[in-house]
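The values are calculated or read from the model by the stated rules, or taken from the named source; none is laboratory data. Values in this document were obtained by computation on a predicted structure and should not be read as measured data. Because the Cβ atoms are built from the backbone with ideal geometry, glycine has one as well, and the counts that use them run over all protein chains shown. Keep in mind that these areas ignore ligands, DNA and RNA; they rest on the heavy atoms of the full protein, side chains included. Shrake-Rupley method; radii C 1.70, N 1.55, O 1.52, S 1.80 Å.
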Amino acid sequence: MSYLSLSVLFVLLSTYWTAATAVRSSTLHLARSHSVSPDAGAPFTTWAAILAAQSAADAARVAMLAAAPANAKRGRSSVPIAPGRQILSIPNYVARARLGTPPQTLLVAIDPSNDAAWVPCTACRGCPSAPSFSPTQSSTYRPVRCGAPQCSQVPSPSCPGGAGSPCAFNLTYAASTFQALLGQDSLALESGAVVASYTFGCLRVVTGSSLPPQGLVGFGRGPLSFLSQTKDVYGSVFSYCLPSYKSSNFSGTLKLGPVGQPKKIKTTPLLSNPRRPSLYYVNMIGIRVGGKPVPVPASALAFDPATGGGTIIDAGTMFTRLSAPVYAAVRDAFRRRVRAPVAGPLGGFDTCYNATVSVPAVTFVFAGPVAVTLPGENVMIHSSSGGIACLAMAAGPTDGVNAALNVLASMQQQNHRVVFDVANGRVGFSRELCTA
């Protein structure tokens with residue numbers, strides 16, 4: 001193992017948890033990164049560096065917590081999704097979107113911890129050299145003017161042209177900032193319903209390289225999220241099944257609307273935090289390793305809107321982050337069950353093995369009760385070239401706004417159907433194989 005790569009990873013992880021400048025948005029922000037899929041032909045130091053970059057991206061995301069259908073049956077759509085890692089080198093899962101009339105196709109990131117949608121537009125300064133949206137080529141595009149209700153719902157709105165001019169807004173996203181003009185046009189995800197007059201940001205100036213290159217659609221709980229803008233179509237219900245991050249196939253699905261969701265599924269109440277209203281909080285009441293309860297103080301799992309404490313479900317962070325006391329208890333229980341020598345830490349991942357080990361079951365228990373037991377491939381990340389495997393979880397910061405936050409991330413959700421029934425205030429989980 002390269003000591004240099006470990007040092008680099010440690011520094012990146014430390015930076016990952018540094019508090020960032022707050023913005024007017026109750027969202028989780030995400031950083032762009034490269035694939036962490038183990039490559040049998042790559043040296044271990046390369047894999048370690050790639051893993052470091054993804055780990056840093058996860059932490060940057062968590063640290064920046066701040067803030068009528070035409071082509072589908074009403075209330076039901078099934079949208080294919082794929083890991084963006086192999087396709088666009090981003091941690092998000094992506095879907096094909098059709099924007100405008102005639103439709104212009106983009107591969108947009110799907111983010112349940114953000115609200116607003118945005119896409120790169122023609123003449124954007126600093127946008128990636130990727131497909132962009134041309135408002136002038138769409139007969140249905142309309143700017144949102146200052147004074148419109150939507151203008152007050154975006155972060156940091158401004159009216160540089162005065163009253164009646166197009167509404168502009170600024171946003172910080174991971175290591176990037178951007179300026180955008182608010183507009184409306186027809187939007188459809190893959191073959192789903194066409195949503196007329198969907199409100200989104202048209203990127204004009206971008207600084208940094210952390211944005212999903214072809215845009216993003218937010219599935220949070222705020223007024224400009226896809227969930228809110230389509231509530232009359234899909235009834236504030238959606239679910240996803242995330243295929244393995246190693247895949248490049250559109251074998252996952254984003255199901256929109258209550259029709260077609262699993263009928264037999266155990267659910268836990270969805271909680272609301274007025275300080276972070278976009279996020280999907282649930283009440284995690286315990287964790288089991290190898291079938292045995294982990295001794296975790298109830299206070300370390302408790303939902304507390306005042307401090308931000310509790311547990312959220314997020315699909316843009318890759319590795320689960322547990323508050324320091326919770327992670328320490330889980331790590332120690334995991335090591336006791338494995339009963340094998342622990343290798344040197346890989347940066348923030350401190351439970352790694354240089355030998356093949358039997359992976360104990362890890363179970364998250366939610367109020368209900370609902371128990372979600374992870375398969376082995378959702379618990380450890382492996383390197384075929386380096387012969388090392390690590391527990392794919394890490395500790396959160398020891399102080400700051402996210403010190404008491406537990407983030408259940410995408411790797412731990414792979415090959416599960418996760419249902420967000422906001423209309424009825426619940427989240428459901430069931431095992432579903434969707435990796436192809």
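Going through Val79, Val119 one at a time, which residue ends up being buried (at least 20 other Cβ atoms within 10 Å of the Cβ), closer than 25 Å to Ala174 by Cα and either among the hydrophobic types (A, V, I, L, M, F, W, C) or modelled with pLDDT of 95 or more (or both)?
Only one candidate passes the filter, namely Val119.
Is region 405-422 home to any residue that is assigned to a loop (DSSP other than H, G, I, E, B) and over 16 Å from the mean Cα position of the chain (by Cα)?
no
If you scan region 309-338, which residues turn out to be open to solvent by 20 Å² or more (accessible area, probe 1.4 Å) and assigned to a loop (DSSP other than H, G, I, E, B)?
Of everything in region 309-338, nothing turns out to be open to solvent by 20 Å² or more (accessible area, probe 1.4 Å) and assigned to a loop (DSSP other than H, G, I, E, B).
Looking at Ala371, Ala389, Ala355, can you tell me which residue is assigned to a strand (DSSP E or B) and open to solvent by 30 Å² or more (accessible area, probe 1.4 Å)?
None of the others qualify; the one that does is Ala371.
Among residues belonging to region 175-186 that are open to solvent by less than 10 Å² (accessible area, probe 1.4 Å) and under 22 Å from Ser278 (Cα atoms), point out the one that is nearest to the chain's Cα centre (by Cα).
In this case the residue turns out to be Ser176.
Quickly run through region 187-196 and pick out the residues that are of a type outside the set (Val, Ile, Thr) and either within 17 Å of Cys124 (Cα to Cα) or surrounded by fewer than 24 Cβ atoms within 10 Å (Cβ to Cβ) (or both).
Ala188, Glu190, Ser191, Ala193, Ala196
State yes or no: is Leu270 part of a loop (DSSP other than H, G, I, E, B) and among the aliphatic types (A, V, I, L, M)?
When the stated conditions are applied, Leu270 does not pass them.
Can you give me the number of residues within region 291-306 that are of a type outside the set (D, E, K, R), within 23 Å of Phe420 (Cβ to Cβ) and in a strand (DSSP E or B)? Walk me through it before giving the result.
Filtering region 291-306 for residues of a type outside the set (D, E, K, R) gives 291, 293-303, 305-306.
Subset that is within 23 Å of Phe420 (Cβ to Cβ): 301-303, 305.
When the remaining residues are screened for being in a strand (DSSP E or B), the result is none.
The number of residues fulfilling the criteria is 0.
Determine, yes or no, whether Val237 is at pLDDT 95 or above and closer than 24 Å to Ser78 by Cβ.
It is true that Val237 is at pLDDT 95 or above and closer than 24 Å to Ser78 by Cβ.
Counting just the residues of region 270-304 that are β-branched (Val, Ile, Thr) and either touching a His at 6+ places or on another chain (Cβ under 6 Å) or open to solvent by less than 70 Å² (accessible area, probe 1.4 Å) (or both), which one comes out modelled with the lowest pLDDT?
Result: Val296.
For Asn402, which of the numbered conditions (1) more than 30 Å from Val79 (Cβ to Cβ); (2) in contact with a strand residue (DSSP E or B) (Cβ under 6 Å, 6 or more places away or on another chain) fails to hold?
Of the numbered conditions (1) more than 30 Å from Val79 (Cβ to Cβ); (2) in contact with a strand residue (DSSP E or B) (Cβ under 6 Å, 6 or more places away or on another chain), the odd one out for Asn402 is (2).
Please find, among Gly309, Gly316, Gly348, the residue that is farther than 21 Å from Phe420 by Cα, in contact with a Leu (Cβ under 8 Å, 6 or more places away or on another chain) and modelled with pLDDT under 95.
Being farther than 21 Å from Phe420 by Cα, in contact with a Leu (Cβ under 8 Å, 6 or more places away or on another chain) and modelled with pLDDT under 95 holds for just one of Gly309, Gly316, Gly348, which is Gly348.
Name the residues in region 248-269 that are under 24 Å from Asn92 (Cα atoms), open to solvent by less than 20 Å² (accessible area, probe 1.4 Å) and touching a Lys or Arg at 6+ places or on another chain (Cβ under 9 Å), would you?
Leu256, Gly257
Test each condition in (1) assigned to a strand (DSSP E or B); (2) open to solvent by less than 40 Å² (accessible area, probe 1.4 Å); (3) among the polar types (S, T, N, Q) for Asn114 and report the one that comes out false.
(1)
Where in region 167-207 are the strands (runs of 3 or more DSSP E), entirely inside, with at least 3 residues that are modelled with pLDDT under 95?
Ranges flagged: 168-173.
Answer yes if at least one residue in region 128-149 is modelled with pLDDT under 95, more than 17 Å from Leu189 (Cα to Cα), open to solvent by 50 Å² or more (accessible area, probe 1.4 Å) and of a type in the set (A, V, I, L, M, F, W, C), and no otherwise.
no
If you go through region 155-165 one residue at a time, do you hit one that is under 21 Å from Pro212 (Cβ atoms), modelled with pLDDT of 95 or more and under 25 Å from the mean Cα position of the chain (by Cα)? Step through it out loud before you land on a result.
Pass one, region 155-165, residues under 21 Å from Pro212 (Cβ atoms): 155-156.
Those left that are additionally modelled with pLDDT of 95 or more: none.
No, that holds for no residue.
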